[in-house]
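Below is one structure, written out as C-alpha cells, with a few remarks after it.
The values are calculated or read from the model by the stated rules, or taken from the named source; none is laboratory data. All figures in this text were calculated on a predicted structure; none of them were measured in a lab. Ideal geometry is used to build each Cβ from the backbone, glycine not excepted, and the neighbour counts take in all protein chains shown.
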Amino acid sequence: MNKEFSRYGILFVVSAPSGAGKSTLCDALRQTRDFVYSVSCTTRPPRAGEIDGEDYHFLSEAEFAERLTAGEFLEHANVHGKFYGTLRDPILKNLHDGVDVLIDIDTQGAATIRGYDDVFVRQALADVFILPPDLEELRRRLTKRGTETPAQIEVRLVTAAREMELWRDYRYTIISKSIEEDLQKFRNIMGAERYLSTRLVLA
Ligand code: 5GP
C-alpha cells in the first residue's frame, strides 16, 4: 500500500487582552520556522521600535478604507478607536500551499473568521485564547510596558475585562503563566492540530 498524504495549512488565531503576554508569545513563535506570521494593517501610529511591514503595515485612515473597499481583508475590526485588518490573499495562498499561518487578532476578528462563509477557512482555523492571570496583574504589566498613557491603560482594561469573558468561544484556552510554560502549551496545541486525521488529504 503506497499512500501519499498531504494537508492544507492551519490558521492559528491567537487572541488575548492587551498585556496578557500575547506579544511575547507571538514574538517567540515568530522566531521559529513553524509558520508564516501574517502582518496586519492598522491605522494606529507605530510605537517606538516598531517597524513598518514587520510589526504592522501602518496605514492612514484613507489607505485603510481603500483596501477595505477593494475587499482585501479577511476580517477587520475597530479596536480602541483604531482600525485593524488581516490581509486575505497571502493567508489563503499559504493555507492552500500547506503552510501554517499565525495571526494575532482581537476577539471580534476571531468571531468573524469563525463565521466566515468559506468552509475552507473555517476548517483551517485553530483558535487559541490566552487568559491573563487577573486584571490587577494586567494593569501592572501595562503600566510597566509604558507604551500607553494612564487614560489609554484604563480603556484597555475595560476592553480586557469584556474580552476575558469570551474564552469559551475558542477551541483552546491557555491560562497564562511564564512565557516558557505558555510557549510549551502552544506547541502542544500545534502538535495536536497537525496530526488531526481530518486535516489529512490522501492523494
Ligand atoms: P496593539 O495596538 O496593541 O498592537 O493591538 C491591539 C489589538 O488589536 C490586539 O488585541 C491585537 O490582537 C488586535 N489586532 C492586531 N491586528 C489585528 C487584525 O488584523 N485584526 C483584528 N481584528 N485585530 C487585530
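Residues that are within 12 Å of the ligand (Cβ to nearest atom), closer than 20 Å to Arg114 by Cβ and at pLDDT 95 or above within the range 69-92 comprise Phe73, Leu74, Glu75, His76, Ala77, Asn78, Tyr84, Gly85, Thr86, Leu87, Arg88, Ile91, listed in sequence order. Is it the case, given these coordinates, that Ser38 is in contact (Cβ under 8 Å) with a residue 60 or more places away in the chain, within 26 Å of Arg171 (Cα to Cα), surrounded by 17 or more Cβ atoms within 10 Å (Cβ to Cβ) and of a type in the set (Ser, Thr, Tyr)? So Ser38 passes the test. Restricting attention to the range 15-42, the residues being assigned to a helix (DSSP H, G or I) and within 11 Å of the ligand (Cβ to nearest atom) number 3. Of all the listed residues (Arg140, Arg162, Arg122, Arg145), the sole one being within 16 Å of the chain's Cα centre (by Cα) and surrounded by fewer than 16 Cβ atoms within 10 Å (Cβ to Cβ) is Arg122.
Taking the options Glu66, Glu50, name whichever one is more than 16 Å from the chain's Cα centre (by Cα) and within 10 Å of the ligand (Cβ to nearest atom).
Values: Glu66 fails: within 10 Å of the ligand (Cβ to nearest atom).
Exactly one residue qualifies, and that residue is Glu50.
Could you list, in sequence order, the residues of the range 143-191 that are under 21 Å from Leu125 (Cα atoms), in a helix (DSSP H, G or I) and touching a residue at least 12 places away in the same chain (Cβ under 8 Å)? Spell out how you get there, then give the answer.
Initial filter on the range 143-191 (under 21 Å from Leu125 (Cα atoms)): 163-175, 182-191.
Retained after the next criterion (residues that are in a helix (DSSP H, G or I)): 163-169, 182-191.
Within the range 143-191, Glu163, Met164, Leu166, Trp167, Asp169, Asp182, Leu183, Phe186, Ile189, Met190 meet the criteria.
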